[in-house]
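Have a look at the structure below before the remarks.
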Amino acid sequence: MDLAVESSEFVNRVWVQCENESCLKWRLLSPEAAARVERSEPWYCFMNADASYNSCSVSEEDFPAESRFLESGYKIVYSQLPLGSLVLVKLQNWPR
Ligand SMILES: [Zn+2]
């Protein structure tokens, strides 16, 4: 199994949360679908182009286990900061 290829299914894809207060599930959108999302407008499950996840009654899509990300070289950082905090990141070659 090629983990690099397998993990690419999550690259450039966007998780959006349904704003229905009794739902609040997260849906995974393709880059094309994410580009059509109006960020100032609420988003609901029925707006999902993916017919298998376009209803609040459908359970949330499985998020890959953290171990799979680690195997693929991703690093997950859990924030202790309050929601809305601005976080600056220093990468190996950026900023120069
Ligand atoms: Zn929903």
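Where nothing but the Cβ of Lys and Arg (+1) and of Asp and Glu (-1) is charged, how large is the charge dipole of the range 3-71 around its Cα centre, in debye to the nearest 20?
The calculation lands at about 140 debye.
Strictly greater than 16 Å: what percent of every Cα pair in the range 3-71 meets that?
50
Carbon and sulfur atoms: what percent of the 1.4 Å accessible area of the range 3-71 do they account for?
51
Just want to confirm a number: the relative contact order over the range 3-71, from Cα pairs under 8 angstrom separated by 6+ residues, in percent.
Result for the range 3-71 is 29 percent.
Report the chymotrypsin sites (Phe, Trp or Tyr not before Pro) located in the range 12-96 that are in a DSSP loop and have at most 15 other Cβ atoms inside 10 Å of their Cβ, or state none.
Qualifying residues, ordered by number: TYR74, TYR78.
Can you compute the modelled spin-label distance between VAL89 and GLU66, with each label point 7 Å from Cα toward Cβ, in nm?
About 1.7 nm, to one decimal.
Each label point is 7 Å from the Cα along the Cα-to-Cβ direction; what then is the distance between the points at ARG13 and SER30, in nm?
1.1
For the residue pair CYS56 and ASN20, what label-to-label distance in nm results when each label sits 7 Å from Cα along the Cα-to-beta-carbon direction?
The answer from the label model is 0.5 nm.
The values are calculated or read from the model by the stated rules, or taken from the named source; none is laboratory data. Owing to the predicted nature of the structure, the values given are computational and were not obtained by experimental measurement. Note that we place each Cβ from the backbone using ideal geometry, even for glycine, and neighbour counts take in every protein chain shown. Keep in mind that these areas ignore ligands, DNA and RNA; they rest on the heavy atoms of the full protein, side chains included. Shrake-Rupley method; radii C 1.70, N 1.55, O 1.52, S 1.80 Å.
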